[in-house]
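Enquirer: This structure is in structure tokens; I'll ask about it shortly.
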Ligand code: MG
């Protein structure tokens with residue numbers, strides 16, 4: 001089998017708000033083969049930048065558009081194709097947007113391989129440690145206690161094992177942050193998981209260490225991304241100063257950066273995003289390494305059903321995953337871009353699809369309706 005074409009389609013909702021919600025737009029990447037099998041993936045990035053990285057003409061042997069690099073290759077050779085794309089984008093890549101684009105293509109290759117073999121991706125990754133997973137509700141932090149209570153009262157009766165409040169109103173004022181986090185625990189009561197995502201807004205290791213003391217009583221399952229992804233020294237200092245579990249990793253691209261965060265940053269929970277880190281294979285490699293250190297790997301996934309399906313396939317095959325991030329922001333793309341609905345059951349459990357590949361189908365009508373650039 002050979003790759004014959006790659007498409008990068010930008011879709012977006014009519015208005016993009018300046019909030020931490022990655023499901024307002026996306027780039028859908030389709031890899032076509034001469035066998036008539038098409039794989040689908042997406043990148044969590046600027047969809048316009050990723051599209052250009054895929055389509056741009058070659059400038060130099062290590063500065064090429066990814067589409068031209070992989071046409072003619074066997075889509076089963078996923079590691080080989082990853083390395084070829086990485087080397088062909090050295091000048092402008094190595095991290096960030098180029099790795100996001102590589103992630104989308106890599107995701108589509110797993111989809112092709114699974115479809116061609118009639119197997120779900122998790123079988124190709126080594127098999128299923130689990131076929132179902134508890135979901136937690138992931139929402140932006142509102143700016144009032146009443147709205148926190150409304151969110152808790154809306155979602156918790158649906159079965160979720162807990163809620164993560166992130167970004168939104170957090171990170172602008174430390175006293176307000178403590179009040180909001182206290183309101184979350186008060187609304188949830190004792191028992192359900194509470195996760196807080198600061199969205200990189202706290203600064204300085206000492207400030208964060210002090211804040212961990214102030215919020216310790218609210219029993220967080222984890223505190224997420226207090227620092228910039230570049231402040232590994234801060235993560236390292238925090239690791240020894242608090243007993244709150246610290247989670248991070250969604251910004252990290254490549255195995256190099258994930259390894260650094262694990263080894264130097266000393267995080268307790270690693271959160272690779274399969275639409276940013278280099279793809280499903282990179283996430284599997286880091287999860288195998290993290291498992292040796294007894295570190296859980298909980299993928300970050302705040303995009304559309306394409307990424308959620310990739311995350312579920314990974315979660316099935318990762319020894320050290322125990323929970324799924326389920327976006328409860330109601331954007332049209334997160335709810336409608338694919339035909340499959342990953343509904344939770346009354347106990348908050350999602351059953352992992354066992355259809356070939358990623359086990360999903362893009363809704364062509366929705367793709368067409370929200371497409372702004374092909
Ligand atoms: Mg986060």
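What follows is calculated from the coordinates using simple rules that are stated; it is not laboratory data. Just so it is clear, the model here is predicted, and its values are computed rather than measured. Here Cβ is always computed from backbone atoms with ideal geometry, including for glycine, and neighbour counts include all displayed protein chains.
Enquirer: How large is log10 I(q)/I(0) at q = 0.15, 0.22 Å⁻¹ when the Debye formula is applied to the Cα atoms of the range 206-313, each weighted equally and without solvent?
Expert: With no solvent term, the Cα-only Debye profile gives -0.60, -1.14.
Enquirer: Using only Cα positions of the range 296-360, each an equal point scatterer, no hydration layer, compute I(q)/I(0) via Debye at q = 0.20, 0.26, 0.28 Å⁻¹ and quote the log10 values to two decimals.
Expert: Results for the range 296-360 at q = 0.20, 0.26, 0.28 Å⁻¹ read -0.80, -1.32, -1.46.
Enquirer: Here is a further query. Can you give me the C-alpha center-to-center distance between the range 250-316 and the range 69-96, rounded to a whole angstrom?
Expert: Distance between centres, Cα-based: 19 Å.
Enquirer: Specify the residue with the greatest mean-square fluctuation among 84, 164, 335, computed from a Gaussian network of the chain linking alpha-carbon atoms under 10 Å apart.
Expert: Largest GNM mean-square fluctuation: 84.
Enquirer: May I pose another question? What base-10 log of the normalised intensity I(q)/I(0) is obtained for the chain from the Debye formula, alpha carbons as equal point scatterers, at q = 0.11, 0.13 Å⁻¹?
Expert: Computed log10 I(q)/I(0) values: -0.73, -1.02.
Enquirer: Order of 49, 11 from fewest to most other C-beta atoms within 10 Å?
Expert: By the 10 Å Cβ count, ascending: 49, 11.
Enquirer: With Kirkwood's inverse mean 1/r over C-alpha pairs for Rh, give me the Rg to Rh ratio of the range 253-369, two decimals please.
Expert: Here the Rg-to-Rh quotient is 0.99.
Enquirer: Once you've got the GNM for the chain with C-alpha springs shorter than 10 Å, pick whichever of 150, 276, 130 has the biggest mean-square fluctuation.
Expert: Looking only at 150, 276, 130, the largest GNM fluctuation is found for 150.
Enquirer: Largest first, please: the extent of the C-alpha atoms of the range 128-257 along each principal axis, to the nearest Å.
Expert: The Cα atoms of the range 128-257 stretch 44, 40, 23 Å along the principal axes, largest first.
Enquirer: To make sure I understand, if each residue's beta carbon is the centre and we count other beta carbons within 10 Å, what order do 203, 331 fall in, fewest to most?
Expert: Fewest-to-most Cβ neighbours within 10 Å comes out as 203, 331.
Enquirer: Would you list 190, 179 from fewest to most Cβ contacts within 10 Å?
Expert: 190, 179
Enquirer: So what's the range 285-324 giving for Cα Rg divided by 2.2 N^0.38 Å, two decimals?
Expert: Details: Rg = 10.2 Å, N = 40, 2.2 N^0.38 = 8.9 Å.
Rounded to two decimals, the normalised Rg is 1.14.
Enquirer: Just to compare against my own numbers: the Cα pair-distance distribution for the range 128-201, 5 Å bins, whole % per bin, please.
Expert: 3, 17, 29, 23, 14, 7, 5, 2, 1
Enquirer: From the Cα trace of the range 66-212, what convex hull volume per residue do you get, rounded to a whole Å³?
Expert: Given the Cα convex hull of the range 66-212, per-residue volume reads 182 Å³.
Enquirer: Under the rule a/c < 1.5 gives rounded, and otherwise a/b versus b/c splits prolate from oblate, where does the range 3-139 land using the Cα gyration tensor?
Expert: It comes out oblate by the Cα gyration axes.
Enquirer: Could you tell me the relative contact order of the chain? Use alpha-carbon pairs under 8 Å, at least six residues apart, and round to a whole percent.
Expert: 21 percent
Enquirer: Among 351-364, 24-37, how do they line up by average Cβ neighbours within 10 Å per residue, starting with the highest?
Expert: On the way: 351-364: 18.5, 24-37: 20.2.
Final packing ranking: 24-37, 351-364.
Enquirer: Just the projected area, averaged over all directions, of the convex hull on the alpha carbon atoms of the range 56-117: how many nm²?
Expert: 3.9 nm²
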